[in-house]
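The values are calculated or read from the model by the stated rules, or taken from the named source; none is laboratory data. Since the structure is predicted, the reported quantities are computational estimates derived from the model, not experimental observations. For neighbour counting, all protein chains shown are included, and Cβ atoms are generated from backbone atoms with ideal geometry for every residue, glycine included.
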Amino acid sequence: MTSPSRQFLRQCRPAFLLAALALLAVGTPPASAALRVAVISDLNGSYGSTRYEPTVPLAVRRLVELKPDLVISTGDMIAGQRLHPPLTAPAIEAMWTSFHATVTEPIAAARIPFAVTPGNHDASAYETFALERQTYRDQWLERRPDVRFVDERDYPFRYAFALGGTLFISLDVTRVGVLDAEQKRWLDTLLRREAGQFRHRIVFSHLPVYPFTRGRETEVTADHGLEGILREHDVELYLSGHHHAFYPGYRAGIRFVSQACLGAGPRALIGGSARSERAITIIDIADTGRISVEALAAPDFTREIERTTLPPQIATRYGTLVRDDLSDSPGLRPAARPAKPTAPASVQP
């Protein structure tokens, strides 16, 4: 006679088998749980300064209150890249000590992963600033975020990690002009290998692909080859700094988001006249797959920057970005590949 416990196990066996098969299934991107990402950028003051604008600690305090799943910095955390006189090793170390006390340590104490990418004032790739670049590496090798790395061979410059069903990729972009072929090959290979395993793909760097602000019209990569890689692998967001203004614009089905600064030098958007507000960016990835992008303005970082205060589009010789609430994206795909842009002028350090 079969015991009740054996009979129960026999009845449940098909369910257990189905569950096991579901766990072993491959080829379908996992459903993404709700994920909140905060982005900060361009926190530095004048060359060599160890002081920060009052908005910086206020923004950090707000981040700790919001407790996002991840904080990203799109560069320029310290005030390096001074030419005359060059900054000494103790001066560079002092700037990083101040940054960590003001930003890194409070975020770490709140147990929020903090992912960075190099800016021109942190780790410029110009040979003149090799010491600053090496110091940047040393500082962040000791402070890896608690995430699952997908590729960390060149952390903290270019690298990739996974969080909540989303693939995040940092690119090393501190000089104007197209990315070097080797870095683009790395990105393409990484995305071909990994993109299908994730529901969302987000890339971030310091310099943007397209211009956003007045006075920095040429300080971009203008790299349509890079854009093609992003488009081919369905990268949804490209986050950048350097232009000191918040703007979310679509082009080729990709939402390019420029971050406002928290430190010195807010700038006016191309097509606008008023200087942008200092702000942090909040990205919410819903479990439905919808991605929302908002900027919370200083001083208390509770008020959203209204889309209607931003230009409907930003048109330059390199291409046109359409404000995200006005575009047809993610179905916005140009019928033909854009013409090769005029090469941007080099930015002197």
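Checking each residue in segment 290-318 for being assigned to a strand (DSSP E or B) and either more than 22 Å from A279 (Cα to Cα) or among the charged types (D, E, K, R) (or both) picks out E294, R303, E304, A315, T316.
For segment 108-129, the set of residues classified as of a type in the set (A, V, I, L, M, F, W, C) and within 17 Å of the chain's Cα centre (by Cα) consists of I112, F114, A115, V116, A123, listed by residue number.
Every residue, every condition in (1) modelled with pLDDT under 95; (2) of a type in the set (D, E); (3) closer than 27 Å to G289 by Cβ, yes or no:
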site	(1), (2), (3)
T135	no, no, no
D138	no, yes, no
R148	no, no, yes
A160	no, no, yes
G164	yes, no, yes
L167	no, no, yes
S170	no, no, yes
V178	no, no, no
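Yes or no: L321 of a type in the set (A, V, I, L, M, F, W, C) and either in a loop (DSSP other than H, G, I, E, B) or within 17 Å of the chain's Cα centre (by Cα) (or both)? Answer is no for this residue. Of all the criteria given as (1) surrounded by fewer than 17 Cβ atoms within 10 Å (Cβ to Cβ); (2) assigned to a loop (DSSP other than H, G, I, E, B), the one not satisfied by V176 is (1). A search for C-beta distances below 6 Å between a residue of segment 264-285 that is farther than 30 Å from A34 by Cα and assigned to a strand (DSSP E or B) and any residue that is modelled with pLDDT of 95 or more and polar (S, T, N, Q), counting only pairs 6+ apart in sequence or on different chains, returns L269/T213.
Look at segment 124-174 and say how many of its residues are small (G, A, S), more than 18 Å from F198 (Cα to Cα) and touching a helix residue (DSSP H, G or I) at 6+ places or on another chain (Cβ under 9 Å). Qualifying residue count for the region: 2.
When segment 192-220 is filtered for residues that are in contact with a Gly (Cβ under 7 Å, 6 or more places away or on another chain), of a type outside the set (F, W, Y) and either buried (at least 24 other Cβ atoms within 10 Å of the Cβ) or free of Cβ contacts under 8 Å to residues at least 24 places away in the same chain (or both), only H206 remains. Looking at A59, A109, A89, just one residue is surrounded by fewer than 17 Cβ atoms within 10 Å (Cβ to Cβ) and either among the aromatic types (F, W, Y) or touching a Leu at 6+ places or on another chain (Cβ under 7 Å) (or both), and that residue is A89. Check whether at least one residue in segment 231-244 is part of a strand (DSSP E or B), farther than 23 Å from V64 by Cα and either among the aliphatic types (A, V, I, L, M) or in contact with a strand residue (DSSP E or B) (Cβ under 9 Å, 6 or more places away or on another chain) (or both), and report yes or no. Yes, because at least one residue in segment 231-244 is part of a strand (DSSP E or B), farther than 23 Å from V64 by Cα and either among the aliphatic types (A, V, I, L, M) or in contact with a strand residue (DSSP E or B) (Cβ under 9 Å, 6 or more places away or on another chain) (or both). Does S32 qualify as being of a type in the set (S, T, N, Q), modelled with pLDDT of 95 or more and in contact with a strand residue (DSSP E or B) (Cβ under 7 Å, 6 or more places away or on another chain)? The answer is no for S32. Scanning segment 269-312 for residues that are modelled with pLDDT of 95 or more, crowded, with 16+ Cβ neighbours inside 10 Å and of a type in the set (G, A, S) gives S276, A279, A295, A297, A298.
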